[in-house]
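Below is a structure I'd like to ask you about.
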Amino acid sequence: MTSKNDHPDRGGRRDEEASTAGDATEPVSGWNADDDVEDDVEEWGVEPEEAYWDDADSDEDAPVAAAPVEEDAEATARVSSRPVRLVLSAILIGAVVAAGVMFANGSFRDVGDVASSVIGENLVETDFTRSAAGDCLTWTVNPQGSPTSVNCAEPHRFEVAGVLDTARFPTAEFSATAPRPSTERFAEIRDENCPVIVDRYLGGLLDPAGRFAVGLMYPLQAEWDSGIRGLRCGIEERGAAGSMEEFKGPVADVDQSFNWPDGTCIGINRADRSATSDVVNCAEPHAFQVTGTVDLSQRFGGSRSGKPWPSANDQNEYLRGICPTQTNKFFGGAQQFKATTLNVQWSVISEVSWMTGSRRVACYAALPDRGGFATLVGDARGEALLINGRVPMPPKNDNPGRAVGEPVPLPPGYTPNDAELPAPAGG
């Protein structure tokens with residue numbers, strides 16, 4: 001990009017003027033240097049300095065010619081004053097150029113969020129363009145509304161972690177005339193810049209296995225056309241189909257573990273049979289269905305208790321007496337649950353998640369399948385449940401228990417319990 005200081009012809013013009021001035025200042029008969037300096041003092045307000053004159057170059061023995069006519073003397077005085085004027089002009093131009101360089105380097109940068117991150121003359125300020133680190137924004141989804149600033153204790157969809165100053169981007173991608181980047185490009189900008197900003201904002205305490213994710217807010221097309229170029233890195237909670245769910249409280253003060261309501265279905269990666277963290281409609285393929293939530297702080301201490309992380313074994317021992325009861329209740333009784341041929345399982349919290357303050361785990365119904373999850377379709381409480389495309393077939397005999405099966409992996413960061421019980425049929 002060509003900066004405002006890149007003027008390749010400016011120096012050439014100055015050299016040409018200096019050369020012309022040099023030709024005009026050859027000794028002229030009848031010229032008095034003292035008289036001309038006095039004229040300069042009167043006209044420019046400056047005193048004669050050695051920087052302007054070099055007495056060593058004067059020729060005291062030069063012959064004196066006949067005095068020129070009055071018109072020639074006046075012309076000579078005007079020409080002879082040009083060295084002083086050229087010096088002053090050069091100083092003025094140099095000051096302007098220096099100021100331009102300082103502006104380009106940020107010495108005169110306006111620290112306001114709008115001035116530092118927005119390009120355009122038609123900008124209308126909004127809560128989005130005014131937002132800074134620590135602000136919380138929300139909006140309506142249907143119909144789509146503009147972001148509005150709210151107290152973080154109220155429901156909101158985005159917590160601002162920092163302003164991404166596009167004026168400092170090394171390309172013209174965010175210039176006043178540039179087309180709006182694609183959604184894919186904004187995703188790249190998010191992944192390249194926002195994790196560092198969010199990490200600094202939260203002091204490194206974002207649960208990598210929790211419900212919150214690093215996000216980026218960027219202008220809509222109409223906003224872009226009006227001149228808005230500001231970007232905001234922040235934290236969001238993603239829901240079904242990539243939507244941004246509402247949550248309450250600053251992220252640093254809330255439990256970051258997943259808070260899935262009972263009956264929620266969690267998606268599946270069909271390629272490797274792993275669970276995702278995406279909430280999906282239960283009529284779509286999914287890995288498991290949540291049957292309850294347990295807060296481990298009641299047993300092992302809250303986020304500010306200072307108590308150490310409980311091992312996976314300790315968590316399993318505690319949850320083994322809770323999740324089966326919750327699951328039977330969710331299905332309306334033990335026999336109804338047994339008819340699904342699914343397992344009761346639960347998650348445990350990793351040490352990293354524990355350090356960020358996460359304390360909730362999920363009880364859920366699922367079925368192990370070749371090192372992963374079987375694909376479920378339909379609400380497990382109804383008659384339309386399919387397991388790997390087949391209707392589950394409950395066992396004819398009433399077996400006294402279920403055998404211990406292979407571990408079922410959860411979304412990244414979660415550790416499955418060590419007593420996952422596969423159903424005897426239906427897989």
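The values are calculated or read from the model by the stated rules, or taken from the named source; none is laboratory data. Quick caveat, the model's predicted, so the values are computed rather than measured. Positions of Cβ are backbone-derived with ideal geometry, glycine not excepted, and every protein chain shown enters the neighbour counts. Remember, those area values only see protein heavy atoms, side chains included, never the ligands or the DNA or RNA. Shrake-Rupley method; radii C 1.70, N 1.55, O 1.52, S 1.80 Å.
Where only protein heavy atoms count, and the probe is 1.4 Å, what is the accessible area per residue for region 157-230 in Å²?
About 47 Å² of surface per residue is accessible.
Measure off, as a whole percent, the carbon and sulfur share of the 1.4 Å-probe accessible area of region 261-373, all protein chains present.
Working: 2370 of 4830 Å².
That fraction is 49 percent.
Starting from the Cα coordinates of region 167-213, work out the convex hull volume and express it per residue in Å³. All intermediate terms of the calculation are to be shown ahead of the outcome.
Details: hull volume 4.7 nm³, N = 47.
Spelled out: Cα convex hull of region 167-213, divided by residues, is 99 Å³.
Let me ask something else about it. Which of the GluC sites (Glu not before Pro) across region 308-397 are loop residues per DSSP, with 11 or fewer other Cβ within 10 Å?
Qualifying residues, ordered by number: E383.
While we're on this one: Does region 234-294 come out rounded, prolate or oblate by the C-alpha gyration tensor, with a ≥ b ≥ c the root eigenvalues, rounded set by a/c under 1.5 and, if not, prolate when a/b is larger than b/c and oblate if not? Before the final figure, lay out each step's value.
Details: a/c = 2.13, a/b = 1.68, b/c = 1.27.
Prolate shape, in that a/c is at least 1.5 and a/b is the bigger ratio.
Okay, moving on. Sort 160-169, 227-236, 294-303 by packing, meaning the average of other beta carbons within 10 Å per residue, with the highest value first. Could you put the intermediate results ahead of the total?
Details: 160-169: 19.1, 227-236: 23.7, 294-303: 16.0.
Those peptides, ordered most packed to least, come out 227-236, 160-169, 294-303.
Using 0.36 nm times the number of residues separating E125 and R320, minus their current alpha carbon distance, what extension gain do you get? Working shown, then result.
On the way: separation 195, 0.36 × 195 = 70.20 nm, distance 5.49 nm.
64.7 nm is the gain from fully extending E125 to R320.
Report, by chain and number, residues whose modeled amide H sits under 5 Å from the one on R232, excluding near sequence neighbours (fewer than 5 apart, same chain).
L164, M217
Find the eigenvalues of the gyration tensor of the Cα atoms of region 350-394, then list the square roots of 5 times those eigenvalues as equivalent ellipsoid semi-axes, largest first, in whole angstrom. Don't skip to the end; give the middle numbers.
Working: eigenvalues 188, 35, 10 Å².
Values for region 350-394, descending: 31, 13, 7 Å.
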